[in-house]
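Quick notes on the structure that follows.
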Amino acid sequence: MSSDVALNILDPSSIVSSVGLLGLMVVIFAETGLFVGFFLPGDSLLFLAGAFCAGDAAAAGPHLHLPTVLLGACAAAVAGAQTGYLIGRRAGPRLFDRPNSRLFRQEYVEQARGVLDRYGFGKAVVLARFVPVVRTFLNPLAGVVRMPARVFTTFNLIGGLLWAAGVTLLGYALGRTIPIEHYMIPVSLAIVLLSAIPVLREYLAHRRARTGRAPGEAASSSPER
């Protein structure tokens with residue numbers, strides 16, 4: 001196979017160029033519904049797919065049809081999350097009762113649980129869509145904690161449509177402004193950095209909380225004289 005058609009699942013432009021809409025749907029489904037998909041480039045893939053929809057069909061690079069991409073991306077996002085929820089509901093707590101590995105870390109579950117505890121059922125399902133890693137683990141966690149199926153399905157539809165359509169249309173708007181094929185690398189880097197901001201904020205908040213508890217815990221454990 002030539003390097004021109006080689007598929008790199010971590011490179012959104014490679015996914016779109018090599019396998020088009022089908023590849024986009026598979027990646028979005030896996031990232032939102034399966035543990036093994038947490039590292040996949042969901043945000044940047046949607047953004048670039050939207051940008052490619054805005055490009056001239058005669059220009060270099062892939063050209064996609066916006067209505068078809070919107071329909072496929074939204075369907076994959078909703079179906080993936082619903083699958084993750086059903087997996088969590090059927091497997092129960094044992095789904096997360098496993099040691100850390102390359103594809104699973106307990107801290108990912110804790111991040112998702114923190115969002116669920118902080119915002120409640122409906123709001124957490126919607127907001128998690130916009131936080132990488134959390135959007136992968138919150139859906140099965142919602143099933144594990146027995147979130148009512150009707151509640152999850154309703155907010156899954158809302159969150160899935162807002163995320164998949166919103167990010168795609170944002171990419172489409174930028175693609176109408178600049179020739180995206182000339183700025184592929186900087187745009188991809190910018191998307192990755194923006195996607196990492198919510199994760200970094202959660203990490204720093206969690207670290208501050210642990211640091212803030214430590215002195216109090218130490219003081220309370222010392223007997224008074």
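The values are calculated or read from the model by the stated rules, or taken from the named source; none is laboratory data. Not measured: the values here are computed from a predicted model. Don't worry about glycine lacking a Cβ; one is built from the backbone with ideal geometry, like all the others, and counts go over all protein chains shown. What goes into the accessible areas is simple: the full protein's heavy atoms, side chains included, and nothing from ligands, DNA or RNA. Shrake-Rupley method; radii C 1.70, N 1.55, O 1.52, S 1.80 Å.
A few remarks follow.
- Of the helices (runs of 4 or more DSSP H) entirely within segment 60-136, those holding at least 3 residues that are acidic (Asp, Glu), farther than 16 Å from Leu46 by Cα and out of contact with any Asp or Glu (no Cβ under 8 Å at 6 or more places or on another chain) occupy 106-119.
- Annotation note: of Val133, Val125, the sole residue that is within 13 Å of the chain's Cα centre (by Cα), on the phi > 0 side of the Ramachandran plot and either open to solvent by less than 10 Å² (accessible area, probe 1.4 Å) or touching a residue at least 60 places away in the same chain (Cβ under 8 Å) (or both) is Val133.
- Flag if Leu157 is open to solvent by 40 Å² or more (accessible area, probe 1.4 Å) and in contact (Cβ under 8 Å) with a residue 60 or more places away in the chain: yes
- Those residues of segment 137-170 which are hydroxyl-bearing (Ser, Thr, Tyr) and either farther than 20 Å from Leu95 by Cβ or not in a helix (DSSP H, G or I) (or both), in sequence order: Thr154, Thr168
- Taking each residue of segment 55-83 that is within 15 Å of Val19 (Cβ to Cβ) and looking for partners that are modelled with pLDDT under 85 and open to solvent by 60 Å² or more (accessible area, probe 1.4 Å) with beta-carbon atoms closer than 9 Å, six or more apart or interchain, yields Gly61/Ser17; Gly61/Glu181; Pro62/Ser17; His63/Asp56; His63/Ala57.
- Flag for Leu138 being open to solvent by 40 Å² or more (accessible area, probe 1.4 Å) and closer than 22 Å to Ala73 by Cβ: no
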